[in-house]
Amino acid sequence: MPKITFIVSGKETVIDAEAGKSVLEVAQAHGIPMEAACGGNGFCATCKCKISKGMENASPRNDREEGMGVTEGTDRLGCQTVINGDMTVEL
Ligand code: FES
């Protein structure tokens, strides 16, 4: 199972995540306060986060992320980022 380390306001929470779920789905299932104003449809960017480690284990950026201007560096939309392995996610 992929290990996802969420860092929220400096506090780390490590979760065993199910591969194939989105970062948003895993966050919501474990009480991590990731916003999702559009319900995970890629139209609001309230789920924007940083994948500070393990970007190679995330799905490639998609058209919805490009459309929201999330195109560079470690920034991703949590709802559009599918987990394929260990990563660290900063909110
Ligand atoms: S929840 Fe709206 S863009 Fe991800």
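Cβ-Cβ distances below 7 Å connect the following pairs, each with a first residue in region 32-43 that is free of Cβ contacts under 8 Å to residues at least 60 places away in the same chain, a second residue that is more than 6 Å from the ligand (Cβ to nearest atom) and of a type in the set (Val, Ile, Thr), and a separation of six or more residues or different chains: 32/8; 32/13; 33/8. Scanning region 19-40 for residues that are polar (S, T, N, Q) and either farther than 14 Å from residue 6 by Cβ or out of contact with any strand residue (DSSP E or B) (no Cβ under 9 Å at 6 or more places or on another chain) (or both) returns a single hit, 28. Scanning region 55-65 for residues that are assigned to a helix (DSSP H, G or I) and surrounded by 12 or more Cβ atoms within 10 Å (Cβ to Cβ) returns 55, 57, 64, 65.
Kindly indicate the residue of region 1-39 that is touching a Ser or Thr at 6+ places or on another chain (Cβ under 7 Å) and either within 16 Å of the ligand (Cβ to nearest atom) or of a type in the set (Phe, Trp, Tyr) (or both) and also farthest from residue 84 (Cα to Cα) among those meeting that condition. This residue is 37. For region 67-81, a tally of residues being under 17 Å from residue 39 (Cβ atoms) and either part of a strand (DSSP E or B) or in contact with a Gly (Cβ under 8 Å, 6 or more places away or on another chain) (or both) returns 5. Condition check for residue 89 on (1) surrounded by fewer than 18 Cβ atoms within 10 Å (Cβ to Cβ); (2) in contact (Cβ under 8 Å) with a residue 40 or more places away in the chain; (3) of a type outside the set (Gly, Ala, Ser): one failure, at (1).
Across region 3-40, the qualifying residues are those that are in a loop (DSSP other than H, G, I, E, B) and touching a helix residue (DSSP H, G or I) at 6+ places or on another chain (Cβ under 7 Å), and the one among them that is surrounded by the most Cβ atoms within 10 Å (Cβ to Cβ) is 17. A count restricted to region 41-54 and to residues that are touching a strand residue (DSSP E or B) at 6+ places or on another chain (Cβ under 7 Å) and not in a strand (DSSP E or B) stands at 4.
Laboratory data are not the source of any read-out in this text; all were calculated from the coordinates shown. Keep in mind the model is a prediction, meaning the values are calculated, not measured. For neighbour counting, all protein chains shown are included, and Cβ atoms are generated from backbone atoms with ideal geometry for every residue, glycine included.
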